[in-house]
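Participant: For reference, the structure I am asking about is given below.
Derivation of every value follows stated rules applied to the coordinates shown; laboratory data play no part. Computed from a prediction, not measured in an experiment: that's the story for all the values here. In this analysis, Cβ positions are derived from the backbone assuming ideal geometry, glycine residues included, and neighbour counts consider all displayed protein chains.
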Amino acid sequence: MNGTAHVSIGAATGFIVANSVNASPATMLILVGLGGVSGLMPDLDVDGKLRSKVTFSHKVIKMTAQLIGVLMIIYSIYEGMRADRFLGIGIGVAMLIISSFLKQKHMLIITGIGVIAGALTLKEMWLLLLGIYIIVASFVSHRSYTHSILGVIYFGVIAAKLETSLAIDGAFAACLAGYIGHLIADSKFLPVNKRGVKIFLPFSSKDF
């Protein structure tokens, strides 16, 4: 199922939750938004459009790293002491080489690290857990752990921490319902899906 459908399902679940808690119009918009975003989260394990929208552009990161590498080499040649000069040049050359291998899939890891750094600065546990989730999603295959009960439980903890931080009744339910809605929409229970989800990983790799 495509991203638009997942967003729609997540937003719908957020709307239902908002009505169940008699949310105000402003809170309803927040819950609908949380449901829609949560409905996309499992697909962070896909190296496609969703990743490119939530991660830093690898072209910008690559260009920045290369520029810093060149500047470091130039500075080391003209300003560095003998020992420091070779070290600086070596680091600069290493940055040029490493940056040349950067791809968009690596940006999810960098984004996750950035989110964790922000979480430590803001002292927000839900943001820290989200950063870890993003990094893990960059390593797992599509429709595996992010589409399993373990993924649901972990995201549920994120949602619970988020509700506590926002102090908005229904935030946890909207996030979790949107996430679970994604898994149901990707399951074999729907005839449009040839592949299902490995809901019981790591205990079973059977598609459901």
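Participant: Quickly run through the stretch 144-158 and pick out the residues that are touching a residue at least 60 places away in the same chain (Cβ under 8 Å) and surrounded by fewer than 22 Cβ atoms within 10 Å (Cβ to Cβ). Give the derivation first.
Facilitator: Here is the first cut: in the stretch 144-158, the residues touching a residue at least 60 places away in the same chain (Cβ under 8 Å) are 144-147, 151, 155.
Selection gives Ser144, Tyr145.
Participant: Here's a follow-up. Within the stretch 188-207, can you find the residues that are closer than 14 Å to Thr146 by Cα and of a type outside the set (Gly, Ala, Ser)?
Facilitator: Answer for the stretch 188-207, where residues must be closer than 14 Å to Thr146 by Cα and of a type outside the set (Gly, Ala, Ser): Val197, Lys198, Ile199, Phe200, Leu201, Pro202, Asp207.
Participant: I'd like the residue in the stretch 92-141 that is crowded, with 16+ Cβ neighbours inside 10 Å and of a type in the set (Phe, Trp, Tyr) and, out of all such residues, is farthest from Leu71 (Cα to Cα).
Facilitator: Looking at residues that are crowded, with 16+ Cβ neighbours inside 10 Å and of a type in the set (Phe, Trp, Tyr), I get Trp126.
Participant: Now for a separate question. For the stretch 108-141, give me each residue that is within 10 Å of the chain's Cα centre (by Cα), small (Gly, Ala, Ser) and within 14 Å of Pro42 (Cβ to Cβ). Quick ask: steps written out before the conclusion?
Facilitator: Going through the stretch 108-141, the residues within 10 Å of the chain's Cα centre (by Cα) turn out to be 108-109, 111-112, 115, 130-138.
Now drop any that are not small (Gly, Ala, Ser), which leaves 112, 131, 137-138.
Ala137, Ser138, listed by residue number.
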